[in-house]
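Peer 1: I have a structure here, written as structure tokens, and I will follow up with some questions on it.
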Amino acid sequence: FNALKMDTNILVLGADNVGKTAITVRLLTRRFIGEYGDMESIYCYKVIIDGREIPFNIWDPAYSQESVLCQSSVQEKQILWADGFVLVYSICDRASFNAVARQIHHIRSTKDSLGVEKVPIVIVGNKRDLQHCREVSSEEGRLLGLATDCPFYEVSAAENYQSILTMFHGLINRVKEYKCAV
Ligand code: GDP
């Protein structure tokens, strides 16, 4: 647990426009702004879990759509930096959902080559408020979570702060579990 206090790095990944920045900003400010620039940012933040403050760094990288589709361009240094991953897709964008399994595989094989066996990853279906343009069912998300052994959450950065907070707590707890298991 003490190791976690020193340095927990969370990387937010996913295709363009799925809401990576919206989720990050929502977590940090509790607000949904609606329009976000293409800035790449690393933020420091803390959550309180079981009465303890847990500081962490969160990296929201800027990508172009092409680079996401090409797995190898998910920068190795970002994967090496991160202790935990938030893999975001939009429930209104099937291509973004299809990219998730590839990215999980890429993250795991990169970490595996460094001798890291267990990698905390959560799968996040965002834009849950946009039911009328849903392309990916909750069941598909749930099954992907089971198949890849990653917790699955459906959230809305626009309309539900609590869903974002619950998802982050889930990830931080998983990082904590894995660090304790080492
Ligand atoms: P990123 O490219 O993955 O960082 O995506 P952004 O965070 O920039 O969001 C892309 C667009 O989707 C923006 O117009 C956001 O306002 C919108 N957006 C993000 N999350 C949600 C959500 O939960 N619901 C709705 N309706 N729109 C969202």
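Values quoted throughout were computed directly from the atomic coordinates according to the rules given, and no laboratory measurement underlies them. On a predicted model such as this, the values are computed, not experimentally measured, just so you know. Neighbour counts run over all protein chains shown; Cβ positions are idealised from the backbone, glycine included.
Peer 1: Do we find that residue 119 is aliphatic (A, V, I, L, M), over 18 Å from residue 12 (Cβ atoms), in a loop (DSSP other than H, G, I, E, B) and touching a residue at least 12 places away in the same chain (Cβ under 8 Å) in this structure? Walk me through it before giving the result.
Peer 2: On the way: aliphatic (A, V, I, L, M): yes; over 18 Å from residue 12 (Cβ atoms): no; in a loop (DSSP other than H, G, I, E, B): yes; touching a residue at least 12 places away in the same chain (Cβ under 8 Å): yes.
The answer is no for residue 119.
Peer 1: Continuing with the same structure: Taking the residues in the range 7-60 that are in a loop (DSSP other than H, G, I, E, B) and under 22 Å from residue 174 (Cα atoms) as candidates, determine which candidate is farthest from the chain's Cα centre (by Cα). Don't jump to the end; show me each part of the working.
Peer 2: At the first step, the residues of the range 7-60 found to be in a loop (DSSP other than H, G, I, E, B) are 7-8, 15-19, 30-40, 50-51.
Keeping just the survivors that are under 22 Å from residue 174 (Cα atoms) gives 7-8, 50-51.
On the way: 7: 17, 8: 14, 50: 22, 51: 24 Å.
Here the residue is 51.
Peer 1: Shifting gears a bit: List, please: which pairs have Cβ atoms under 8 Å, are six or more places apart or on different chains, and start with a residue in the range 151-170 that is touching a residue at least 12 places away in the same chain (Cβ under 8 Å) and over 22 Å from residue 53 (Cβ atoms) and end with one that is away from the ligand (no atom under 12 Å from the Cβ) and among the small types (Gly, Ala, Ser)?
Peer 2: Sorted first by the residue in the range 151-170, then by its partner, the pairs are 151/145; 151/170; 152/141; 152/145; 153/170; 154/138; 154/141.
Peer 1: From 142, 102, which residue is closer than 30 Å to residue 7 by Cβ and part of a helix (DSSP H, G or I)? Walk me through it before giving the result.
Peer 2: Working: 142 fails: closer than 30 Å to residue 7 by Cβ.
From the options 142, 102, the qualifying one is 102.
Peer 1: Can you find, within the range 23-38, the residue that is farthest from residue 154 (Cα to Cα) among those that are near the ligand (Cβ under 10 Å from one of its atoms) and in contact with a strand residue (DSSP E or B) (Cβ under 8 Å, 6 or more places away or on another chain)?
Peer 2: Taking the range 23-38 and keeping what is near the ligand (Cβ under 10 Å from one of its atoms), we get 23-26, 32-38.
Next cut, in contact with a strand residue (DSSP E or B) (Cβ under 8 Å, 6 or more places away or on another chain) only: 23-24.
Working: 23: 12, 24: 15 Å.
The residue in question is 24.
Peer 1: When both residues are 6+ apart or on different chains and their Cβ atoms are under 6 Å apart, which pairs have a first residue that lies in the range 129-150 and is closer than 19 Å to residue 22 by Cβ, and a second that is within 14 Å of the ligand (Cβ to nearest atom) and of a type in the set (A, V, I, L, M)?
Peer 2: Listed by first residue and then by second, the contacts come to 129/158; 134/91; 136/91.
Peer 1: Filter the range 145-166 down to residues that are within 15 Å of the ligand (Cβ to nearest atom) and in a helix (DSSP H, G or I) and give me whichever is nearest to residue 32 (Cα to Cα).
Peer 2: Result: 161.
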